[in-house]
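Taking it in order: structure first as C-alpha coordinates, then the write-up.
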Amino acid sequence: MLSVATSTRLLLRRHRPLPLTVRIRNISRASSNEISILDQRYEVDGTTNITQSIIAKLPLRLHNQPAHPLGILRSKIESHFHDFAHLSSVHPVVTPAQNFDLLGFPPDHPGRSVTDSYYINKDCMLRTHTSAHEVETFATGQSKWLLTADVYRRDEIDSSHYPVFHQMEGARVFKTDKAGIEGVKADNQSLSRYLDQSNIVIEDIPHISPTNPAQPTHDPVHSELVALNLKLSINSLLLKLFGGGARDAPLQVRWIEAYFPFTSPSFEVEILYQGKWLEILGCGVVQQLTLDNAGKCLCYSLFFARPHPSLGIPDNIGWAFGLGLERIAMILFGIPDIRLFWSTDPRFLSQFSENKITAFKPYSKYPACFKDVSFWVPEGGLHENDFCDLVRDVVGDLAEDVKIVGGLWSRGFFSLTSTAIDRFLHSSQDRSQERVLPDKLPVDG
Ligand code: DAH
(Lines give C-alpha, C1' and ligand atoms only; values in the text may rest on other atoms or scores of the structure.)
Protein backbone atom coordinates (compact mmCIF):
# COMPACT_ATOMS: atom_id res chain seq x y z
CA MET A 1 0.00 0.00 0.00
CA LEU A 2 1.52 3.30 -1.12
CA SER A 3 0.46 6.44 0.62
CA VAL A 4 3.00 9.27 0.66
CA ALA A 5 4.99 10.84 -2.13
CA THR A 6 8.51 12.14 -1.77
CA SER A 7 10.85 13.92 -4.12
CA THR A 8 14.54 13.18 -4.40
CA ARG A 9 17.32 14.88 -6.33
CA LEU A 10 19.97 12.82 -8.00
CA LEU A 11 23.19 14.36 -9.15
CA LEU A 12 24.37 12.28 -12.08
CA ARG A 13 27.95 12.64 -13.15
CA ARG A 14 29.32 10.39 -15.81
CA HIS A 15 32.93 9.61 -16.29
CA ARG A 16 32.13 8.03 -19.68
CA PRO A 17 28.99 7.26 -21.71
CA LEU A 18 27.08 4.28 -20.41
CA PRO A 19 24.89 1.75 -22.23
CA LEU A 20 21.22 2.62 -22.20
CA THR A 21 20.09 -0.49 -20.43
CA VAL A 22 19.34 0.35 -16.85
CA ARG A 23 16.89 -1.85 -15.07
CA ILE A 24 15.63 -1.99 -11.57
CA ARG A 25 17.16 -5.19 -10.38
CA ASN A 26 16.72 -6.90 -7.12
CA ILE A 27 18.41 -10.00 -5.93
CA SER A 28 16.78 -12.86 -7.76
CA ARG A 29 15.65 -15.20 -5.12
CA ALA A 30 12.09 -15.89 -6.20
CA SER A 31 13.00 -19.31 -7.49
CA SER A 32 15.21 -20.39 -4.63
CA ASN A 33 15.78 -19.73 -0.96
CA GLU A 34 19.50 -19.39 -1.47
CA ILE A 35 21.94 -16.84 -2.80
CA SER A 36 25.41 -17.44 -4.07
CA ILE A 37 28.19 -15.30 -2.66
CA LEU A 38 31.80 -15.88 -3.74
CA ASP A 39 30.85 -19.39 -4.88
CA GLN A 40 29.25 -20.32 -1.60
CA ARG A 41 25.50 -20.74 -1.15
CA TYR A 42 23.69 -19.13 1.76
CA GLU A 43 20.07 -19.47 2.84
CA VAL A 44 18.08 -16.26 2.77
CA ASP A 45 15.59 -15.19 5.42
CA GLY A 46 13.68 -12.11 6.56
CA THR A 47 16.95 -10.37 7.46
CA THR A 48 18.48 -10.65 3.98
CA ASN A 49 19.12 -7.20 2.52
CA ILE A 50 22.26 -7.65 0.41
CA THR A 51 21.76 -6.41 -3.16
CA GLN A 52 23.13 -7.55 -6.51
CA SER A 53 25.27 -4.45 -6.91
CA ILE A 54 26.96 -5.23 -3.59
CA ILE A 55 27.41 -8.92 -4.43
CA ALA A 56 29.11 -7.85 -7.67
CA LYS A 57 31.73 -5.89 -5.69
CA LEU A 58 32.80 -8.81 -3.50
CA PRO A 59 35.35 -10.43 -5.85
CA LEU A 60 37.01 -7.15 -6.89
CA ARG A 61 39.36 -6.58 -3.93
CA LEU A 62 40.80 -3.31 -5.17
CA HIS A 63 43.35 -3.24 -2.36
CA ASN A 64 45.06 -6.26 -3.95
CA GLN A 65 45.72 -4.49 -7.26
CA PRO A 66 49.32 -3.24 -7.00
CA ALA A 67 48.90 -0.29 -9.41
CA HIS A 68 45.52 0.86 -8.04
CA PRO A 69 45.64 3.86 -5.67
CA LEU A 70 44.29 1.67 -2.86
CA GLY A 71 46.89 -1.03 -3.55
CA ILE A 72 49.66 1.58 -3.74
CA LEU A 73 48.59 3.07 -0.40
CA ARG A 74 48.32 -0.38 1.19
CA SER A 75 51.91 -1.18 0.11
CA LYS A 76 53.15 2.15 1.41
CA ILE A 77 51.68 1.50 4.87
CA GLU A 78 52.90 -2.10 4.82
CA SER A 79 56.41 -0.93 3.97
CA HIS A 80 56.30 1.37 7.00
CA PHE A 81 55.30 -1.54 9.26
CA HIS A 82 57.65 -3.85 7.36
CA ASP A 83 58.20 -6.34 10.18
CA PHE A 84 54.45 -6.87 10.74
CA ALA A 85 52.52 -9.80 9.21
CA HIS A 86 50.57 -8.49 6.20
CA LEU A 87 47.16 -10.07 5.63
CA SER A 88 44.85 -9.08 2.78
CA SER A 89 42.71 -11.97 1.60
CA VAL A 90 40.26 -12.56 4.41
CA HIS A 91 36.71 -13.64 3.46
CA PRO A 92 34.17 -10.79 3.80
CA VAL A 93 31.34 -12.89 5.27
CA VAL A 94 31.42 -12.89 9.06
CA THR A 95 29.01 -13.66 11.87
CA PRO A 96 27.40 -10.87 13.90
CA ALA A 97 29.38 -12.35 16.81
CA GLN A 98 32.69 -11.65 15.02
CA ASN A 99 31.61 -8.21 13.86
CA PHE A 100 30.06 -7.09 17.16
CA ASP A 101 29.74 -9.43 20.17
CA LEU A 102 33.34 -10.63 20.52
CA LEU A 103 34.44 -6.99 20.41
CA GLY A 104 32.09 -5.95 23.21
CA PHE A 105 29.48 -4.05 21.16
CA PRO A 106 26.28 -3.64 23.22
CA PRO A 107 23.18 -5.58 22.00
CA ASP A 108 21.39 -2.36 21.01
CA HIS A 109 24.28 -0.79 19.05
CA PRO A 110 22.81 0.95 15.95
CA GLY A 111 25.47 -0.58 13.66
CA ARG A 112 23.73 -3.94 14.08
CA SER A 113 20.50 -2.78 12.42
CA VAL A 114 19.46 -3.90 8.93
CA THR A 115 19.37 -0.28 7.83
CA ASP A 116 23.10 0.08 8.59
CA SER A 117 24.61 -3.31 7.72
CA TYR A 118 24.29 -5.87 4.92
CA TYR A 119 22.91 -9.16 6.13
CA ILE A 120 22.99 -12.36 4.09
CA ASN A 121 20.75 -13.96 6.68
CA LYS A 122 20.35 -13.59 10.42
CA ASP A 123 23.58 -15.52 11.11
CA CYS A 124 25.85 -14.09 8.40
CA MET A 125 26.70 -10.56 7.34
CA LEU A 126 29.31 -8.62 5.42
CA ARG A 127 31.95 -7.25 7.79
CA THR A 128 31.36 -3.57 8.53
CA HIS A 129 34.94 -3.06 9.71
CA THR A 130 38.27 -4.89 9.71
CA SER A 131 38.11 -5.05 13.53
CA ALA A 132 35.78 -8.03 12.91
CA HIS A 133 38.94 -10.07 12.34
CA GLU A 134 40.84 -8.98 15.45
CA VAL A 135 40.00 -11.98 17.62
CA GLU A 136 40.78 -14.60 14.99
CA THR A 137 44.02 -12.85 13.98
CA PHE A 138 45.24 -12.52 17.56
CA ALA A 139 44.29 -16.20 17.96
CA THR A 140 46.89 -17.18 15.35
CA GLY A 141 49.56 -15.94 17.74
CA GLN A 142 50.68 -13.03 15.53
CA SER A 143 52.05 -10.27 17.75
CA LYS A 144 52.30 -7.56 15.03
CA TRP A 145 49.96 -7.55 12.08
CA LEU A 146 48.21 -5.45 9.45
CA LEU A 147 45.00 -6.67 7.86
CA THR A 148 43.55 -4.93 4.81
CA ALA A 149 40.07 -5.69 3.50
CA ASP A 150 36.94 -4.42 1.81
CA VAL A 151 34.20 -3.47 4.30
CA TYR A 152 30.49 -2.87 3.74
CA ARG A 153 28.08 -0.36 5.26
CA ARG A 154 24.69 0.81 4.08
CA ASP A 155 24.99 4.52 3.62
CA GLU A 156 23.70 7.59 1.90
CA ILE A 157 25.08 8.62 -1.50
CA ASP A 158 27.56 11.47 -1.73
CA SER A 159 31.07 12.06 -3.03
CA SER A 160 32.80 10.72 0.08
CA HIS A 161 30.52 7.79 1.00
CA TYR A 162 30.19 4.48 -0.78
CA PRO A 163 28.68 1.26 0.59
CA VAL A 164 31.95 -0.58 0.01
CA PHE A 165 35.23 0.84 1.15
CA HIS A 166 38.58 -0.44 2.38
CA GLN A 167 40.07 -0.45 5.82
CA MET A 168 43.37 -1.45 7.30
CA GLU A 169 43.54 -2.77 10.82
CA GLY A 170 46.89 -2.76 12.57
CA ALA A 171 47.75 -4.27 15.92
CA ARG A 172 50.68 -5.06 18.14
CA VAL A 173 50.79 -6.97 21.40
CA PHE A 174 53.51 -7.14 24.03
CA LYS A 175 54.09 -9.65 26.78
CA THR A 176 53.44 -8.18 30.23
CA ASP A 177 56.53 -9.86 31.74
CA LYS A 178 59.66 -7.83 32.54
CA ALA A 179 61.31 -8.48 29.18
CA GLY A 180 58.14 -7.55 27.28
CA ILE A 181 57.73 -4.25 29.11
CA GLU A 182 61.45 -3.41 28.71
CA GLY A 183 60.91 -4.02 24.97
CA VAL A 184 58.09 -1.44 24.89
CA LYS A 185 60.29 1.10 26.69
CA ALA A 186 63.17 0.58 24.26
CA ASP A 187 60.90 0.90 21.23
CA ASN A 188 59.35 4.07 22.68
CA GLN A 189 62.80 5.60 23.12
CA SER A 190 63.90 4.96 19.57
CA LEU A 191 60.59 6.14 18.05
CA SER A 192 60.70 9.31 20.22
CA ARG A 193 64.24 10.06 19.08
CA TYR A 194 63.18 9.75 15.43
CA LEU A 195 60.09 11.96 15.87
CA ASP A 196 62.01 14.59 17.85
CA GLN A 197 64.20 15.19 14.78
CA SER A 198 61.26 15.27 12.36
CA ASN A 199 59.21 18.08 10.89
CA ILE A 200 56.00 17.34 12.83
CA VAL A 201 53.97 19.24 15.43
CA ILE A 202 51.84 17.05 17.68
CA GLU A 203 48.95 18.20 19.88
CA ASP A 204 48.78 15.45 22.43
CA ILE A 205 46.44 14.51 25.28
CA PRO A 206 47.15 12.38 28.36
CA HIS A 207 47.61 8.69 27.57
CA ILE A 208 45.08 7.80 30.26
CA SER A 209 42.66 10.03 32.15
CA PRO A 210 39.49 9.65 34.26
CA THR A 211 37.39 10.00 31.09
CA ASN A 212 39.65 7.75 29.01
CA PRO A 213 40.77 5.22 31.57
CA ALA A 214 43.14 2.28 31.68
CA GLN A 215 41.28 -1.02 31.93
CA PRO A 216 40.71 -2.40 35.45
CA THR A 217 42.77 -5.53 34.70
CA HIS A 218 45.72 -3.50 33.37
CA ASP A 219 48.62 -2.13 35.34
CA PRO A 220 48.20 1.62 34.60
CA VAL A 221 51.96 1.92 34.01
CA HIS A 222 51.76 -0.77 31.31
CA SER A 223 48.69 0.87 29.79
CA GLU A 224 50.51 4.23 29.59
CA LEU A 225 53.55 2.67 27.96
CA VAL A 226 51.46 0.84 25.38
CA ALA A 227 49.32 3.92 24.63
CA LEU A 228 52.55 5.90 24.14
CA ASN A 229 53.89 3.19 21.83
CA LEU A 230 50.66 3.39 19.82
CA LYS A 231 50.90 7.17 19.53
CA LEU A 232 54.56 7.12 18.50
CA SER A 233 53.91 4.36 15.94
CA ILE A 234 50.96 6.24 14.42
CA ASN A 235 52.75 9.61 14.43
CA SER A 236 55.63 8.09 12.50
CA LEU A 237 53.21 6.48 10.02
CA LEU A 238 51.50 9.85 9.47
CA LEU A 239 54.87 11.45 8.91
CA LYS A 240 55.63 8.85 6.26
CA LEU A 241 52.27 9.40 4.54
CA PHE A 242 51.81 13.15 4.83
CA GLY A 243 55.14 14.62 5.89
CA GLY A 244 56.91 17.00 3.52
CA GLY A 245 60.56 17.92 3.30
CA ALA A 246 62.50 19.78 5.98
CA ARG A 247 61.70 23.14 4.32
CA ASP A 248 57.94 22.46 4.09
CA ALA A 249 55.51 23.53 6.78
CA PRO A 250 55.51 20.93 9.58
CA LEU A 251 52.88 18.21 9.54
CA GLN A 252 50.30 19.03 12.21
CA VAL A 253 48.73 16.10 14.03
CA ARG A 254 46.26 16.17 16.90
CA TRP A 255 45.11 13.45 19.27
CA ILE A 256 41.55 13.40 20.56
CA GLU A 257 39.84 11.31 23.21
CA ALA A 258 37.41 8.81 21.67
CA TYR A 259 35.23 5.86 22.56
CA PHE A 260 35.23 2.41 20.94
CA PRO A 261 33.72 -0.68 22.59
CA PHE A 262 36.89 -2.64 21.90
CA THR A 263 39.59 -0.28 23.24
CA SER A 264 40.32 1.71 26.39
CA PRO A 265 41.87 4.23 26.44
CA SER A 266 40.69 5.15 22.92
CA PHE A 267 41.78 7.90 20.54
CA GLU A 268 41.09 9.50 17.21
CA VAL A 269 43.84 11.16 15.22
CA GLU A 270 43.47 14.11 12.91
CA ILE A 271 45.85 15.95 10.61
CA LEU A 272 45.62 19.55 9.47
CA TYR A 273 45.05 19.48 5.73
CA GLN A 274 44.30 22.56 3.63
CA GLY A 275 43.36 24.47 6.77
CA LYS A 276 40.92 21.83 8.07
CA TRP A 277 41.31 19.08 10.66
CA LEU A 278 40.68 15.72 8.99
CA GLU A 279 40.04 12.56 10.95
CA ILE A 280 42.42 9.85 9.81
CA LEU A 281 41.97 6.90 12.13
CA GLY A 282 40.65 5.42 15.36
CA CYS A 283 42.79 3.44 17.79
CA GLY A 284 43.42 2.48 21.38
CA VAL A 285 44.62 -0.07 23.88
CA VAL A 286 42.88 -3.34 23.00
CA GLN A 287 40.15 -4.44 25.40
CA GLN A 288 41.39 -7.43 27.32
CA LEU A 289 38.11 -9.18 26.39
CA THR A 290 39.34 -9.33 22.77
CA LEU A 291 42.66 -10.88 23.77
CA ASP A 292 40.91 -13.23 26.20
CA ASN A 293 38.52 -14.31 23.44
CA ALA A 294 41.51 -14.88 21.17
CA GLY A 295 43.16 -16.90 23.93
CA LYS A 296 40.08 -19.06 24.24
CA CYS A 297 40.36 -19.46 20.50
CA LEU A 298 36.65 -18.90 20.10
CA CYS A 299 37.04 -18.72 16.35
CA TYR A 300 39.35 -21.68 16.18
CA SER A 301 36.91 -24.20 14.77
CA LEU A 302 35.73 -21.71 12.13
CA PHE A 303 39.06 -20.52 10.83
CA PHE A 304 42.10 -22.50 11.71
CA ALA A 305 43.26 -25.97 10.97
CA ARG A 306 45.24 -26.14 14.21
CA PRO A 307 45.92 -23.86 17.19
CA HIS A 308 49.05 -21.77 17.09
CA PRO A 309 51.76 -23.06 19.45
CA SER A 310 52.67 -19.63 20.89
CA LEU A 311 49.18 -18.86 22.10
CA GLY A 312 49.41 -16.95 25.35
CA ILE A 313 47.29 -13.97 24.51
CA PRO A 314 45.76 -13.25 27.96
CA ASP A 315 49.25 -12.43 29.32
CA ASN A 316 49.63 -9.73 26.68
CA ILE A 317 48.69 -6.10 26.40
CA GLY A 318 48.37 -4.44 23.03
CA TRP A 319 47.20 -1.63 20.81
CA ALA A 320 45.16 -1.57 17.61
CA PHE A 321 44.15 0.97 15.01
CA GLY A 322 41.76 1.04 12.07
CA LEU A 323 41.96 3.43 9.11
CA GLY A 324 39.94 3.98 5.96
CA LEU A 325 42.12 3.72 2.86
CA GLU A 326 39.86 5.75 0.55
CA ARG A 327 39.89 8.84 2.72
CA ILE A 328 43.69 8.88 2.82
CA ALA A 329 44.05 8.00 -0.88
CA MET A 330 41.66 10.82 -1.82
CA ILE A 331 44.06 13.25 -0.12
CA LEU A 332 47.33 11.76 -1.36
CA PHE A 333 46.27 11.24 -4.98
CA GLY A 334 43.86 14.22 -5.15
CA ILE A 335 40.93 11.95 -6.11
CA PRO A 336 37.77 14.06 -5.69
CA ASP A 337 35.06 11.38 -5.68
CA ILE A 338 35.01 8.02 -3.92
CA ARG A 339 33.24 6.31 -6.85
CA LEU A 340 36.31 6.83 -9.03
CA PHE A 341 38.13 4.08 -7.13
CA TRP A 342 35.75 1.61 -8.82
CA SER A 343 36.39 2.92 -12.31
CA THR A 344 37.72 0.47 -14.89
CA ASP A 345 38.25 3.30 -17.40
CA PRO A 346 41.83 3.17 -18.71
CA ARG A 347 41.90 6.96 -18.40
CA PHE A 348 41.69 6.41 -14.64
CA LEU A 349 43.71 3.24 -14.18
CA SER A 350 46.58 4.15 -16.51
CA GLN A 351 47.33 7.22 -14.38
CA PHE A 352 48.75 5.10 -11.57
CA SER A 353 51.71 2.80 -11.22
CA GLU A 354 53.07 0.57 -8.48
CA ASN A 355 54.79 2.29 -5.53
CA LYS A 356 54.16 5.81 -6.88
CA ILE A 357 51.91 8.52 -5.51
CA THR A 358 50.85 10.72 -8.42
CA ALA A 359 48.25 13.49 -8.68
CA PHE A 360 44.99 12.43 -10.35
CA LYS A 361 44.07 14.34 -13.53
CA PRO A 362 40.33 14.68 -14.22
CA TYR A 363 39.28 13.40 -17.63
CA SER A 364 35.47 13.40 -17.95
CA LYS A 365 34.09 15.74 -20.60
CA TYR A 366 30.54 15.37 -19.34
CA PRO A 367 29.15 18.02 -17.02
CA ALA A 368 27.14 16.95 -14.01
CA CYS A 369 23.34 17.22 -14.20
CA PHE A 370 20.51 17.03 -11.67
CA LYS A 371 17.49 14.77 -11.99
CA ASP A 372 14.47 15.00 -9.71
CA VAL A 373 12.39 11.90 -9.07
CA SER A 374 9.05 11.79 -7.24
CA PHE A 375 7.49 8.56 -6.09
CA TRP A 376 5.17 6.99 -3.57
CA VAL A 377 6.71 5.55 -0.46
CA PRO A 378 5.35 2.48 1.37
CA GLU A 379 2.99 3.08 4.28
CA GLY A 380 5.57 2.06 6.90
CA GLY A 381 8.00 4.69 5.54
CA LEU A 382 11.21 4.28 3.63
CA HIS A 383 14.69 4.44 5.12
CA GLU A 384 17.02 6.70 3.12
CA ASN A 385 19.59 3.89 2.94
CA ASP A 386 16.97 1.59 1.34
CA PHE A 387 16.33 4.21 -1.32
CA CYS A 388 20.05 4.74 -1.90
CA ASP A 389 20.54 0.99 -2.43
CA LEU A 390 17.70 1.05 -4.97
CA VAL A 391 19.35 3.97 -6.78
CA ARG A 392 22.67 2.12 -6.82
CA ASP A 393 21.05 -0.96 -8.26
CA VAL A 394 19.46 1.12 -11.03
CA VAL A 395 22.09 3.68 -12.01
CA GLY A 396 25.22 2.16 -10.53
CA ASP A 397 27.94 4.75 -10.03
CA LEU A 398 26.19 7.41 -12.10
CA ALA A 399 24.63 8.92 -8.99
CA GLU A 400 27.07 11.19 -7.21
CA ASP A 401 24.65 12.54 -4.65
CA VAL A 402 21.08 11.77 -3.58
CA LYS A 403 19.14 14.26 -1.47
CA ILE A 404 15.52 14.52 -0.42
CA VAL A 405 14.58 17.96 -1.72
CA GLY A 406 10.87 18.23 -1.13
CA GLY A 407 10.06 16.24 1.97
CA LEU A 408 6.88 14.17 1.94
CA TRP A 409 3.57 15.05 0.34
CA SER A 410 0.17 13.70 1.26
CA ARG A 411 -1.58 11.19 -1.02
CA GLY A 412 -3.14 12.25 -4.30
CA PHE A 413 -0.28 13.48 -6.41
CA PHE A 414 1.12 10.86 -8.71
CA SER A 415 3.14 7.76 -8.34
CA LEU A 416 6.20 7.01 -10.36
CA THR A 417 6.29 3.27 -10.94
CA SER A 418 9.49 1.33 -11.38
CA THR A 419 8.92 1.32 -15.16
CA ALA A 420 8.51 5.06 -15.12
CA ILE A 421 11.73 5.43 -13.17
CA ASP A 422 13.36 3.16 -15.71
CA ARG A 423 12.10 5.22 -18.65
CA PHE A 424 13.06 8.40 -16.84
CA LEU A 425 16.60 7.17 -16.44
CA HIS A 426 16.78 6.27 -20.10
CA SER A 427 15.86 9.85 -20.86
CA SER A 428 18.69 11.02 -18.64
CA GLN A 429 21.14 9.62 -21.15
CA ASP A 430 20.78 12.72 -23.33
CA ARG A 431 21.41 14.89 -20.26
CA SER A 432 18.62 17.24 -21.24
CA GLN A 433 16.59 18.61 -18.38
CA GLU A 434 13.36 18.56 -20.41
CA ARG A 435 11.87 15.49 -18.91
CA VAL A 436 12.89 16.34 -15.39
CA LEU A 437 9.95 16.28 -13.00
CA PRO A 438 8.84 19.58 -11.50
CA ASP A 439 10.52 20.75 -8.32
CA LYS A 440 7.24 21.79 -6.72
CA LEU A 441 4.45 19.28 -6.54
CA PRO A 442 0.76 20.18 -6.09
CA VAL A 443 -0.44 19.31 -2.63
CA ASP A 444 -3.48 17.06 -2.29
CA GLY A 445 -6.62 19.23 -2.36
N1 DAH B 1 36.73 -0.35 13.58
C2 DAH B 1 36.66 1.08 13.77
C3 DAH B 1 35.73 1.68 12.70
O4 DAH B 1 35.48 1.07 11.71
C5 DAH B 1 38.01 1.72 13.67
C6 DAH B 1 38.90 1.36 14.81
C7 DAH B 1 38.89 2.13 15.95
C8 DAH B 1 39.72 0.23 14.75
C9 DAH B 1 39.69 1.82 17.03
C10 DAH B 1 40.54 -0.09 15.83
C11 DAH B 1 40.51 0.72 16.97
O12 DAH B 1 41.35 -1.13 15.84
O13 DAH B 1 41.33 0.39 18.01
O14 DAH B 1 35.29 2.77 12.86
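In the stretch 80-105, what residues are open to solvent by 50 Å² or more (accessible area, probe 1.4 Å) and farther than 30 Å from Phe242 by Cα? His91, Asp101, listed by residue number. Could you please find all residues in the stretch 40-60 being touching a residue at least 24 places away in the same chain (Cβ under 8 Å) and in a strand (DSSP E or B)? Scanning the stretch 40-60 gives Gln40, Tyr42, Glu43.
Name, by its number, the condition in (1) in a loop (DSSP other than H, G, I, E, B); (2) under 16 Å from Gln40 (Cα atoms); (3) of a type outside the set (Gly, Ala, Ser) that does not hold for Pro106. So Pro106 meets the others, but not (2).
All conditions but one from (1) among the hydrophobic types (A, V, I, L, M, F, W, C); (2) open to solvent by 30 Å² or more (accessible area, probe 1.4 Å); (3) assigned to a loop (DSSP other than H, G, I, E, B); (4) at pLDDT 55 or above apply to Ile24; the one that does not is (4). A residue that is open to solvent by less than 50 Å² (accessible area, probe 1.4 Å), part of a helix (DSSP H, G or I) and modelled with pLDDT under 70 occurs nowhere in the stretch 333-350.
For Ser374, indicate whether it is outside any helix (DSSP H, G or I), polar (S, T, N, Q) and surrounded by fewer than 17 Cβ atoms within 10 Å (Cβ to Cβ). Judged against the criteria, Ser374 is not a match. Pairs meeting the criteria (first residue in the stretch 281-302 and at pLDDT below 95, second residue among the charged types (D, E, K, R) and assigned to a strand (DSSP E or B), beta carbons under 6 Å, at least 6 apart or on different chains) are lacking. Selection of the stretch 136-163 for residues being in contact with a helix residue (DSSP H, G or I) (Cβ under 8 Å, 6 or more places away or on another chain), in a strand (DSSP E or B) and away from the ligand (no atom under 14 Å from the Cβ) yields an empty set.
On the given criteria, is Gly275 over 18 Å from Gln167 (Cβ atoms), free of Cβ contacts under 8 Å to residues at least 24 places away in the same chain and among the small types (Gly, Ala, Ser)? Even if it seems obvious, please write down each step before you answer.
Details: over 18 Å from Gln167 (Cβ atoms): yes; free of Cβ contacts under 8 Å to residues at least 24 places away in the same chain: yes; among the small types (Gly, Ala, Ser): yes.
Yes, satisfied.
From the list His166, His133, the one residue that fits, being in a helix (DSSP H, G or I), open to solvent by less than 30 Å² (accessible area, probe 1.4 Å) and either within 19 Å of Arg61 (Cβ to Cβ) or more than 13 Å from the ligand (Cβ to nearest atom) (or both), is His133. Scanning the stretch 223-248 for residues that are over 22 Å from Pro69 (Cα atoms), in a loop (DSSP other than H, G, I, E, B) and touching a residue at least 40 places away in the same chain (Cβ under 8 Å) turns up Gly245, Ala246, Asp248. Within the stretch 226-254, the set of residues being hydrophobic (A, V, I, L, M, F, W, C), open to solvent by less than 10 Å² (accessible area, probe 1.4 Å) and within 16 Å of the ligand (Cβ to nearest atom) comprises Val226, Ala227, Leu230, Ile234, Leu237, Leu238. When the residues of the stretch 108-130 are filtered to those that are within 13 Å of the ligand (Cβ to nearest atom) and among the charged types (D, E, K, R), the one that is most open to solvent (accessible area, probe 1.4 Å) is Asp116. Pairs are defined by a Cβ separation below 7 Å, a sequence spacing of at least 6 or placement on different chains, a first member in the stretch 364-387 that is within 23 Å of Arg153 (Cβ to Cβ), and a second member that is among the charged types (D, E, K, R); the pairs so defined are Glu384/Glu156; Asn385/Arg154; Asn385/Asp155; Asn385/Glu156. Here the condition is being within 16 Å of the ligand (Cβ to nearest atom), over 19 Å from the mean Cα position of the chain (by Cα) and open to solvent by 10 Å² or more (accessible area, probe 1.4 Å); of Gln287, Gln274, it holds for Gln287 alone.
The values are calculated or read from the model by the stated rules, or taken from the named source; none is laboratory data. All values reported here derive from a predicted model rather than from experimental measurement. Quick reminder, even Gly has a Cβ in these numbers, built from the backbone with ideal geometry, and neighbours come from all protein chains shown. We work out accessible area using only protein heavy atoms, side chains counted, and drop any ligands, DNA or RNA first. Shrake-Rupley method; radii C 1.70, N 1.55, O 1.52, S 1.80 Å.
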